[in-house]
Structure formats: structure tokens, C-alpha cells
Amino acid sequence: MQLMEFKLSQTEENYIKAIYSIGVHTGKNVSTNKIAEELKTKASSVTDMIKKLSEKKLVDYKKYKGSSLTDEGKLIAVRIVRKHRLWEVFLVNNLNYAWDEVHVLAEQLEHIKSNTLIDKLEAYLNFPTHDPHGDPIPDKNGNVKIQQKVLLSDAKQHVLYKIANVKDNSKALLQFLDKHFLTINTELTVLDKFDFDESVTVQLKQGNTLTLSKKVCTNVFVTIK
């Protein structure tokens, strides 16, 4: 499918990316309140923008049923995500930023319009497949490799896993994971799960054990090693 040319503002692009990002995790239509929460704005402002994007045929909106992206909207969203994640790789690998520092910077850089620049950036980085947080980087045609993974909270006991990616890119979570050496590709085994608070005890490959809260475990994806 060939993408039609749209002149979109940064705000419009942010809405499209927000709908895409929320929808990827839920697999459902995205509510106005969820979008407002993601973008830290008012529900009334979201409604106005959704109507505008619907008129451009980038969003399908049904009252009381939420919003989803049209095929055109998805292609635009994937291109924005691709730029964002490539810039994160560049910032970490080439400018020595920490993984908890790059999200906000990449949100600024993702609005650069030049496709040639992004293609050259991708080649310069030797065509990375994942960003520093473990999220897959779409290729220039919008294809995304899907990895089989589960939340750490759903991982089985006594199976060797490795950390695949994080659901929450907040500075607080990433700094917590860094402090405990829980970075991408870290190998671990679930030793125990506690019904009382849904915390999980894991053992890292080097032998040390950690008990992690439900909040951490529901924001970390793992895959079988």
C-alpha cells in the first residue's frame, strides 16, 4: 500500500502515535480517556482532534466505542515509531546517552520529515532490529517483527528467560531496572510467586536473587532463552 502524502502537525502525529501505541498493547479500540491520559490533555481536546483526523480518514471513530487507525493512519504511525526508535539507538550507541534519557529526546526528533535522512540513519546504524528498550524497529516498508514474549508476571517457574523489552519507558522504572542489572537480554529464572501481593522472586544467571513487585513484573516482557 502506498502512503498518501499528508501535511500533519506535530500534535496530529502525536495523537496518531498514541492511538497506535495504546492499541498495540490492548488489541482493542482506544478510548478517548486513554488517549487523554497518554498525552496528558483534556478529553474534550482529544474528541476535537479525533474528529479532525477522522475527516482526513486517518482514524475510525465510533461514539462510545473508541478510536482505531485506518490503514493510512497505521502506516503513518509506524513511520513515526520507526524514526523514534532509530533515534533512540543513535543516542545510546553513538552519543552515550543512558536508556532512561532518550525517550523525550527521540519524541522531538521523530517529527523530522526527511525519509532520506532516516534511511541513511538506519544504514549508518547497520540496520538495528530493536531499540535500547527492546522494542522492534519497523523497516522502511512498515513491517514489524513480532517476538513471542510474556510479561514477567505471567512467566512460568523454573524456566530460563531473558528480558525482551519494557512496557513502560519511564525514567523511574528504567533507573530501577538499571540499578538491579535488569537490562535487555538479562537472563533470569522465576523461583517463586506470592499470592499475597503478586510479587515474584527471580534468580539472575550470575546467581543473585531479587524479589520484584507486581508493578515491575507487569511492565517487563520476557522471552524463553
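Could you sort His111, His180 by accessible area so the largest value comes first, with the probe set to 1.4 Å?
Details: His111 20, His180 55 Å².
Greatest to least solvent exposure: His180, His111.
Among Val102, Val166, Val24, determine the one that fluctuates most according to a GNM of the chain built with springs between C-alpha atoms less than 10 Å apart.
Highest fluctuation of the listed residues: Val24.
If you put +1 on each Lys and Arg Cβ and -1 on each Asp and Glu Cβ, how big is the dipole of the chain around its Cα centre, in Debye rounded to 20?
Numbers: 33 positive and 28 negative charges, 105 e Å.
About 500 debye.
Identify the chymotrypsin sites (Phe, Trp or Tyr not before Pro) of the stretch 155-221 meeting these criteria: DSSP loop state and at most 14 other C-beta atoms within 10 Å of the C-beta.
Phe181, Phe194, Phe196
With a cut-off of at most 15 other beta carbons within 10 Å, and DSSP calling the residue loop, which chymotrypsin sites (Phe, Trp or Tyr not before Pro) in the stretch 1-110 qualify? Please list them. If you can, show how the numbers build up before the last one.
Numbers: sites: Phe6, Tyr15, Tyr20, Tyr61, Tyr64, Trp87, Phe90, Tyr97, Trp99; in loops: Phe6, Tyr64, Tyr97, Trp99.
Within the stretch 1-110, the qualifying chymotrypsin sites (Phe, Trp or Tyr not before Pro) (loop, at most 15 other Cβ atoms within 10 Å) are Phe6, Tyr64.
If each of Asn126 and Thr211 carries a label point 7 Å out from its Cα toward its Cβ, how far apart are those two points in nm?
4.2
Largest first, what is the accessible-area ranking of Asp168, Asp135, Asp60, Asp195 with a 1.4 Å probe? Walk me through the numbers before you get to the answer.
Values: Asp168 50, Asp135 20, Asp60 75, Asp195 145 Å².
Output order, biggest surface exposure first: Asp195, Asp60, Asp168, Asp135.
Need one word for the stretch 10-69: rounded, prolate or oblate. Basis is the Cα gyration tensor (sqrt eigenvalues a ≥ b ≥ c); a/c below 1.5 gives rounded, then a/b vs b/c decides. Before the final figure, lay out the partial values.
Numbers: a/c = 1.20, a/b = 1.07, b/c = 1.12.
Note, shape of the stretch 10-69 comes out rounded.
Please work out the FRET efficiency for the pair Gln175 and Thr223, using the Cβ-Cβ distance as r and a Förster radius of 30 Å; give the result to the nearest 0.05. Before the final figure, lay out the partial values.
Working: r = 23 Å, r/R0 = 0.77.
About 0.80, to the nearest 0.05.
What FRET efficiency, computed as 1/(1 + (r/R0)^6) with R0 = 41 Å and r the Cβ-Cβ distance, is obtained for Ser114 and Lys156, rounded to the nearest 0.05?
Details: r = 46 Å, r/R0 = 1.12.
After rounding, the FRET efficiency stands at 0.35.
May I ask you to derive the FRET efficiency for Asn185 and Asn96 from their Cβ-Cβ distance with R0 = 22 Å, giving the value to the nearest 0.05? Each step should come with its number before you reach the end.
On the way: r = 19 Å, r/R0 = 0.87.
E(calc), rounded to 0.05, equals 0.70.
With θ taken as phi - 60° and the coefficients 6.51, -1.76 and 1.60, list the Karplus ³J(HN,Hα) couplings across the stretch 202-217 in order, rounded to whole Hz; mark glycine and proline as x.
10, 10, 7, 4, 6, x, 6, 10, 9, 9, 10, 6, 4, 4, 5, 5
How much length is gained if the chain between Lys28 and Thr41 is pulled fully straight, taking 0.36 nm per residue apart and subtracting their Cα-Cα distance, in nm to one decimal? All intermediate terms of the calculation are to be shown ahead of the outcome.
Working: separation 13, 0.36 × 13 = 4.68 nm, distance 2.12 nm.
Gain in length upon complete extension: 2.6 nm.
Calculate log10 I(q)/I(0) of the chain for q = 0.11 Å⁻¹, where I(q) comes from the Debye formula with a single equal point scatterer on each Cα and nothing for solvent.
-0.62
Please tell me which of these pairs span more than 20 angstrom C-alpha to C-alpha: Lys205/Lys225; Lys7/Lys83; Lys171/Lys225; Lys7/Lys40; Lys34/Lys63; Lys171/Lys193?
Numbers: Lys205/Lys225 11 Å; Lys7/Lys83 17 Å; Lys171/Lys225 27 Å; Lys7/Lys40 24 Å; Lys34/Lys63 14 Å; Lys171/Lys193 26 Å.
Distance filter (> 20 Å) returns Lys171/Lys225; Lys7/Lys40; Lys171/Lys193.
Just grab the label-to-label distance for Ser54 and Lys7, each label 7 Å out from Cα along the Cβ direction, in nm (one decimal).
With each label point 7 Å from Cα toward Cβ, the separation is 2.5 nm.
Which listed residue (Val159, Asn185, Leu210) has the Cα farthest towards the positive end of the charge dipole for the stretch 150-224, taking +1 on Lys and Arg C-beta and -1 on Asp and Glu C-beta about the Cα centre?
Projecting each Cα onto the dipole axis, the largest value belongs to Asn185.
Over 21 Å between C-alpha atoms is what I'm after, so list which of Lys179/Lys214; Lys156/Lys215; Lys62/Lys149; Lys56/Lys120 land there. Before the final figure, lay out each step's value.
Values: Lys179/Lys214 18 Å; Lys156/Lys215 18 Å; Lys62/Lys149 32 Å; Lys56/Lys120 30 Å.
Listed pairs above 21 Å: Lys62/Lys149; Lys56/Lys120.
The values are calculated or read from the model by the stated rules, or taken from the named source; none is laboratory data. Given the structure is predicted, the values throughout are model-derived calculations rather than measurements. A quick note on method: Cβ atoms are made from the backbone with ideal geometry, for glycine too, and the neighbour counts reach across all protein chains shown. Areas reflect the complete protein model, heavy atoms only, side chains present, ligands, DNA and RNA absent. Shrake-Rupley method; radii C 1.70, N 1.55, O 1.52, S 1.80 Å.
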